[in-house]
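Heads up, the thing below is written out as structure tokens.
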Amino acid sequence: MRLSLSLLCIFWLCGCAERNSPAGEGGIRMSELDAGSTGLDLSLTSGGTPSREILEVKGCGLALIDFDSDGDLDVFAPNGATLEAPEKGPGCRMFENLGGLKFVDATVRLGLGLRRWSFGVAVGDYDGDGHDDLFVACYGPNVLLRNKEGEGFEDVSEEAGISDGGWGTGCAFADTDGDGDLDLYVCNYLAFDPANPPPRATFKKTEVLGGPLGLAAQHDILYENLGTGRFRDSSESSGVRSVRPAYALNVAILDFNGDSRQDIFVGNDSMGNYLFSNQGGGRYREVGIESGVSANSDGASQATMGIAVGDVDGNGFPDLFTTNFSGDTNTLHLNLDGSFFADRTRTWGLGRVSMTSLGWACDFGDLDQDGDEDLVVFNGHVFPQATPESMDSSYLQRPLLFEQDQGRFSLVDKSSAAGSWVDGAHRDRTAVRGDLDGDGDLDFVVGGLNEPLRLLRNEQGEGNRWLLVELRDDRPGSMNRRGLGSLVELRHGGRSARRWLRGGGPFQSANSHRVHFGLGAGTAEARLVITWPDGTEQDCGAVPLDSLYTVRRDRD
């Protein structure tokens, strides 16, 4: 976060946008369920309230994972700690999905005892045994939790060679060297000592916590999976460490240019972003400035936190949306040709509306299942002193919901509400989305700073068609079972919709590995085409709609 900017409390709402879907005729309808009714009874810990130091303001991530392979999505929260006891927080939690939006705490039964101050989380089957594992980026040594066939988790951090002692934030599994297994990228933030915190800073004539500027940034780490249960630090040999250390907070790994190689976009705080272009053979070249994603159209570095990926303009290349500090816009970088991105924030209606918010997790998703992807941004200030009078802003903020329509995004306004969401403003940080209740639409679990978890249920109802897609690479010896890095394309009615199964999440988090499509009300048939990470194309032909469809790769 940058110390030169400001903010305003703006709202999210569950309503339907009148431009596309009048009330009662589709639209976006969300409702919030309380922890008592869902069983997600956890208040995330991130230091004290109010926040006193920079270590306390980032919040911790969330992950959706089917840890027991029973077909539904469970919720993992790594959780944080306090300045006084950063190694002895209240502990991580795993909530098992019982169906019907009911969850039960399975933490003790699974042997999960992580209490270190935790931030980012990644989900991936690093050992290729068919069960998703968990990596947690921490303040202090990171943690790798191996899934023991759904019966429990074991800490294999030391033997796997990933227990770096920096301040880890965003993280992601991906096959970065193209050898078929999942490597690991870890964002590192800065050097911070709770016993010797930095001096206070001044923001808009108000004394606030210090950092990140003035504190020592840390290098990120790229771990190569050796296929033996161990990783090797390949940061130097890959070229990832050829750049200066930065205040890294988030990462997205996918093929940006269609060459069947996984590229790495890193969102940095108060510094230019990095884009590592995959040169093949495990080598990367940093092209952030020449590609246009390092800064905005004014040439100014920003304070990137959240990252969303989607084909906004329908040209077949993945675009980037990032959230930033208040006083600056969030940024939409359209991928024009696979090699150059153009800042189109204002022309798509995402500029001025975001100037006064401080954004964190963000995500594209077809929430109303009308065939195009909408946009959600979760917000919250870092300074407890923030008020409209002192900083043109408020400490607590509401999320922003945008509906896409004909080359622009429109803010879903309270005046067009069609639901009954009565929730207020929050100190939101992270959010993950997936179909939590098996009805085919996208729900959210949201985590705020020292706040209870919130479950936002999508109440789309019947009408518009949908499809959920799950990939399974069942070839003998495959170690990327979920097909991370694949492009999933759905063709219908002369149109194509694309989803990239990327490494990394909205903010320090891991979404469901299932891909979601909305198709509108009139679609009768759709054709599914998968481009696997190595470039192999699999045409699945016409697929059944309104279902979870599993694509199995059993040959090259």
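Quick one: in region 427-464, of everything that is surrounded by fewer than 22 Cβ atoms within 10 Å (Cβ to Cβ) and of a type in the set (D, E, K, R), which residue is modelled with the lowest pLDDT? Checked region 427-464; the qualifying residue modelled with the lowest pLDDT is 462. Annotation: of all residues in region 389-404 being surrounded by fewer than 21 Cβ atoms within 10 Å (Cβ to Cβ) and over 12 Å from residue 426 (Cβ atoms), the one that is modelled with the lowest pLDDT is 392.
If you go through region 54-81 and keep only what is open to solvent by 10 Å² or more (accessible area, probe 1.4 Å) and over 22 Å from residue 456 (Cα atoms), you end up with 68, 69, 70.
When 144, 134 are checked against the criterion of being in a strand (DSSP E or B), surrounded by 15 or more Cβ atoms within 10 Å (Cβ to Cβ), touching a helix residue (DSSP H, G or I) at 6+ places or on another chain (Cβ under 6 Å) and hydrophobic (A, V, I, L, M, F, W, C), 144 stands alone in meeting it. Applying the condition of being part of a loop (DSSP other than H, G, I, E, B) and of a type in the set (A, V, I, L, M, F, W, C) to region 329-355 and asking which residue is least open to solvent (accessible area, probe 1.4 Å) yields 350.
The residue list 548, 471, 490 contains one member that is of a type in the set (A, V, I, L, M, F, W, C) and farther than 23 Å from residue 67 by Cα, which is 490. A Cβ distance below 7 Å, combined with a sequence gap of six or more or placement on separate chains, defines the contacts here; from region 358-386, residues that are farther than 20 Å from residue 332 by Cβ and without any contact (Cβ under 8 Å) to a residue 24 or more places away in the chain reach no residue that is among the acidic types (Asp, Glu) and not in a loop (DSSP other than H, G, I, E, B). In region 533-543, of all residues being in a loop (DSSP other than H, G, I, E, B) and touching a residue at least 60 places away in the same chain (Cβ under 8 Å), the one that is farthest from residue 181 (Cα to Cα) corresponds to 535. Here residue 154 meets each of (1) over 23 Å from residue 67 (Cβ atoms); (2) part of a strand (DSSP E or B); (3) open to solvent by 10 Å² or more (accessible area, probe 1.4 Å) with one exception, condition (1).
Only a single item in (1) in a strand (DSSP E or B); (2) open to solvent by less than 10 Å² (accessible area, probe 1.4 Å); (3) more than 30 Å from residue 523 (Cβ to Cβ) is not met by residue 305, and it is number (1).
Residues in region 237-276 that are surrounded by fewer than 22 Cβ atoms within 10 Å (Cβ to Cβ) and charged (D, E, K, R): 241, 244, 259.
The values are calculated or read from the model by the stated rules, or taken from the named source; none is laboratory data. Bear in mind the structure is a predicted one, so any value in this text is a computation, not a measurement. Cβ coordinates were reconstructed from backbone atoms using ideal geometry, including for glycine residues, and neighbour counts include every protein chain displayed. Protein only, heavy atoms only, side chains kept; ligands, DNA and RNA dropped before computing areas. Shrake-Rupley method; radii C 1.70, N 1.55, O 1.52, S 1.80 Å.
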